[in-house]
Structures are given as C-alpha cells and as structure tokens.
1. If you roll a 1.4 Å probe over the chain with all protein chains in place, what percent of the accessible area is carbon or sulfur?
2. Run the simple label-point estimate for LYS55 and GLN151 please: 7 Å along Cα→C-beta, distance reported in nm.
3. Mind listing the Cα extents of the range 3-135 along all three principal axes, in Å, largest one first?
4. For the range 25-67, list log₁₀ I(q)/I(0) at each q in 0.15, 0.30, 0.31, 0.33 Å⁻¹, using the Debye formula over Cα point scatterers of equal strength and ignoring solvent, two decimals each.
5. Just the accessible area per residue of the range 1-115, please: how many Å² with a 1.4 Å probe?
6. Hull surface divided by four, with the convex hull built on the Cα atoms of the range 92-154: how many nm²?
7. Apply 1/(1 + (r/R0)^6) to the Cβ-Cβ distance of ALA221 and LYS70, taking R0 = 45 Å, and write down the FRET efficiency to the nearest 0.05.
8. Per DSSP H run of at least 4 residues, take -39500 (n - 2.57); add these up for the chain, divide by its residues and hand me the 222 nm value, nearest 500 deg cm²/dmol.
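The values are calculated or read from the model by the stated rules, or taken from the named source; none is laboratory data. Here the structure is a predicted model, which means the values were calculated and not measured. Cβ atoms come from the backbone with ideal geometry, glycine included; neighbour counts cover every protein chain shown. Protein only, heavy atoms only, side chains kept; ligands, DNA and RNA dropped before computing areas. Shrake-Rupley method; radii C 1.70, N 1.55, O 1.52, S 1.80 Å.
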Amino acid sequence: MGILNFTPDSFSDGGKFSRIDLALNQVEQMIADGAAIIDIGGESTRPGARDVTEKDELSRVIPVLKAINKRFNVVVSIDTSKSSVMAEAIAHGASIINDVRALQNDGCLDVLAQDQSVAICLMHMQGLPRTMQHNPQYEHLITDISTFFEQRILACTQAGISASRLILDPGFGFGKSLEQNYSLLANMAKFHALSLPLLAGLSRKSMIGSLLNRDVSERLAGSLATAIIAAQQGAKIIRVHDVKETVDALKVLHATHINK
Ligand code: 9MG
C-alpha cells in the first residue's frame, strides 16, 4: 500500500490543478514500483496534529480520488474517520476505507453497512492524535489491543457489516511508547487469533527515528527492516512511502519462503 498524503503541507505549492497533477505523477510511480493499493489521506494523523473540517477534507480527497480512478486501474483506499467523507469516497469508487478511529465516529458504521462492497481497515489508537503520545498506558499491550479489536468487530457485525470485509491494524505509533511499539511488532502474529488480514503501517515513523536517531529523511533502512518483520509476522498489507524499495525487500523475503 503506497501512501499519498494530500494534506496542504504534502505538496509544496501551486493551485489545485498542479497539486492533483503532482499527485497523479506520484501515483503513477508507485504503481510502476509495485503498489497494489494507493492510500489517500486528507487529514494529518501525526502526533500533535489538529482536526480538519469535513469541508476541507472532502475538498482535498474527492478530486484526487476522481482523478486517480479516471486515469488508473488501481485499488484506492481512503484514510478518513468522517462518515461524510466515507460516503462520498465510496460513491466515487474507493475500494477500502482506512479508519484510524476504527469506525467509532458518528454515522460511520451506518455508512459502511449501507454499502456491502468496500473493505474496511480498523486501526487501534489509544487517545487522539493531539495527545496520544503523552504517556500511553496498557495493562497488557497485546490483550488490550485484541480486546479493542473484538469490540470493534462486534460493533461492525451488529451494525450489519460482514467480518469478511475487515482488516485489522495495531496502529504503530498511535498511543504507544517506543518499547510498546517494538513489543507490538515482535508480537504482531498474535492477532492472527482473530482470523482477519493484518495491515502494518511503520514507514518512516518516529519509532524508527527515535531508535536510530535518524531524521525522517534518513529512515529508509529502518523502515525496510520493520516492513520485513511485519511481513514475517504475517501482515498482508504494508503501508509505505518507499514503494520500490519495500517491494524489492518483500520479494527477497518471498523468495526464501518459496525456496524453503
Ligand atoms: C493514516 N495512517 C497513518 N499511519 C497509519 C497506520 O499505521 N495504519 C493505518 N491503517 N493508517 C495509518
């Protein structure tokens, strides 16, 4: 899964047309590099990030979604927690809804229950982006996150959303300390007990920067290492910025499986 951030700081300048053009070039490159899914986000969920209005998020995400679907035949995922953005995205051909708030916001379950085709990524987050990294606490990291997943799966099925549409993501960096993040990565395979596909998003995250003392522009090697570990733990989707390098690394891993 290649990341396309469409927040104002992600493309340096220009009007809407040139920003969409730049995004399309980036998508074209990610597809050529081997991305099977493009994840478009119009809201920053970085630690400390502030909320975005519905109007702003819609005006960022929908035009680029339409442009991508017009030009490419690729699975598009929309990273949003707003029911109105979900509804519009589905109406314009999104195939996956990637919700870092796991459909807990008002109206999200209903919107996803009305459509039976799109897949849904339910991510775990403790707290909210603005404050989530202020001393996160767990009784038992893996059990607490598993319990959260069970509750959200139940909420989905009770709302009429089939569990077969769900993907689970433990949410690296979302309300987890450095130690908790690495413990989560080491134990990711435990979530297979819930019998749903797993997604891992680790690319360039501060858990890599803090461990290696690397600025965000210097985290490629660390990101590749985490991608491989997540894949070895059975993650089916790896959400990354550096598609070409990650696909190469995953091909090497797969060759060892084929030739075992
Ligand atoms: C939007 N976003 C940022 N980080 C993410 C992660 O780790 N997983 C998912 N599903 N989405 C993310």
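1. On the way: 6320 of 12400 Å².
Of all accessible area on the chain, carbon and sulfur atoms account for 51 percent.
2. If labels sit at LYS55 and GLN151, their model points lie 3.4 nm apart.
3. 38, 35, 29
4. -0.49, -1.02, -1.05, -1.10
5. I get 45 Å² per residue for the range 1-115.
6. 5.3 nm²
7. The formula returns an efficiency of 0.80 here.
8. So the helix-based figure for the chain works out to -14000 deg cm²/dmol.
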